[in-house]
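Working notes, structure below.
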Amino acid sequence: MKAIVISDLNRMVLFLSCIFAGRTHDYAIMKTVFKPGSPWFKKLNVWLDLGFLGADSDYPDAKIHLPHKKPRKSKKNPDPQLTPKQKEENRKQASTRVVVEHAIGGMKRFHCLTHRIRNHRSDFLDYFFALSAGLWNHKISSITEI
């Protein structure tokens, strides 16, 4: 199961989408939840991974940061590599994006998302995701108050 998670730099979960099947591509989920052409990310810095290739053209008002993709192997280029500048840019983007990955990992610490759920109610999984996001936000907010 998959969901779109939006987090801030303090690892707080700001947005959690509804749940989609695991075989659905990340970018297809994003286009379903946030319709292209709408001002969802207007004047925001959005850090995405390579699963969202094409987002910069569909959301022109947003400042979308995507990592550089390694070129394909070909006869003319048998050993494709990124340039040192591209590698450095990817490293900087990854250091910013890792905060969201930590928020997702924090949600999984409550183990209701990591184990197989044998339930046939369609809204049950949404409750698990929302509950774990709420518990994670509560944990983060209690840490920052101390």
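Of note:
- Legend: distances between Cα atoms for K31/K92; K35/K92; K2/K73; K70/K92; K35/K63; K2/K108; pairs beyond 22 Å are K31/K92; K35/K92; K2/K73.
- In the context of the full set of protein chains, residues of the chain present 70 Å² of accessible surface per residue (probe radius 1.4 Å, heavy atoms only).
- Length-normalised contact order for the chain - Cα pairs under 8 Å, 6+ apart - percent: 24
- Sum of -39500 (n - 2.57) over DSSP H runs of 4+, divided by residues of the chain (222 nm, nearest 500): -13000 deg cm²/dmol
- Equivalent ellipsoid of region 50-97: semi-axes from √(5λ) of the C-alpha gyration tensor, largest first, are 23, 15, 8 Å.
- Geometric extent, Cα atoms of region 16-136 - Rg, Dmax (angstrom): 17.7, 53
- Carbon and sulfur %, accessible surface of the chain computed with the full protein complex present, 1.4 Å: 56
- Given their separation in residues at 0.36 nm each and the Cα-Cα distance between them, S142 and I117 gain 6.1 nm when the chain is fully extended.
The values are calculated or read from the model by the stated rules, or taken from the named source; none is laboratory data. Quick caveat, the model's predicted, so the values are computed rather than measured. Calculation scope for accessible area: heavy atoms of the full protein, side chains included, ligands and nucleic acids excluded. Shrake-Rupley method; radii C 1.70, N 1.55, O 1.52, S 1.80 Å.
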